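Rule-based calculations on the coordinates, nothing more; no lab input. Since the model is a prediction, treat every value here as computed from it, not as a measurement. Positions of Cβ are generated from backbone atoms using ideal geometry, with glycine treated the same way; all protein chains shown enter the neighbour counts.
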Amino acid sequence: MESRIKYQPHASDGFDVVFGFDMETDIGSFTPFYEGVQKGTAPLLDILTKHRIPATFYWTGHAAEHNPEIVRNVAARGHETGCHGLLHETLGDPIFPLPNNWPILPAEVEGRLTEATRIVEEVSGERPTSFRCPRLWGSTRVVNVLEDLGYTSDASFPLYFYQSPIGPYHPSAEDWTKPGNMQLVEIPNFCDLTMESNDPYQRDRDQWPLFRTKSAHALMEKAEGFISYIRNQGERPVLCFYFHPWEFYDMPQGAIDFGECSVTPLPFIVENCGEKALKEFDDLCHLLLKGGARFLTAGDLARVYKAQSAVTD
């Protein structure tokens, strides 16, 4: 039987928030650089400390291996250390086309995730139990491997694309997009489920990167719409966000030259990275807290969900 964190009438103003930061190379897979990790993480941590917000930092194995002091500093500030794959490769099912980003073979998933987990554990001194796939491209194969490796939460589910389930759930071992009997808790990344989409993949429903391309208030309007939608279903809202450290440091504008080729991200990808993003993120924290948010790490959210769903089953 499907079960979720049920909305509590006596806490009508409350909702849960998970902040996840995908610790990877600058601009995702499009550069080999770590300017964002090395220079954007510190001011980001200061904002989280200011608002007393715990978060989950999802490290690729490569990022952790090349930035060990930052990994340990993030953990020392009270945040959860999670995993984000080995090299920001496509681990799961691709949901829209990207050149030269073919998914790895299903047979490779276990080896890649095992090695990524080993590296993050070795660098941090703590075995990660929370995971997120690069680009939110997860799969049934991925969740089965995560379960075998002892992970307790996965925040890979792109709600904008699949549109349901709308809250945390235990996935099926046969189809990760449907509730089932796995011990792992899948945490959907929230989106606007009420708008009419004009994109074939529904990407305009998504939350990212609205906070910096428009404003914290614009993202908060989307969040409030999601909260209202979930409450109307009689459930407790859970808002899972995803950000990247490179968003909090100035990224190159225009073409990035690599000798044999150049990469030119679309303008919105790198728009307002740096000081503007930091300011809007600070405002977003304030708005969420003012609205009644309870902040949890992904691991803590999974524990709360499992405890409450056990009571309702």
Student exercise, the chain dipole from Lys, Arg, Asp, Glu Cβ charges, in Debye to nearest 20: 920 debye
Which entry is the computed P(r) over Cα pairs in 20 Å bins from 0, in percent for this structure: [x] 32, 52, 11, 5, 0; [y] 34, 62, 4, 0; [z] 34, 59, 7, 0? [y]
Taking the dipole of the range 9-312 about the Cα centre (Lys, Arg +1; Asp, Glu -1; charges at Cβ), the one of Gly292, Leu210, Thr49 that reaches farthest to the positive side is Gly292
Chymotrypsin sites (Phe, Trp or Tyr not before Pro) within the range 215-265: which are DSSP loop residues with at most 11 other Cβ atoms inside 10 Å? Phe258
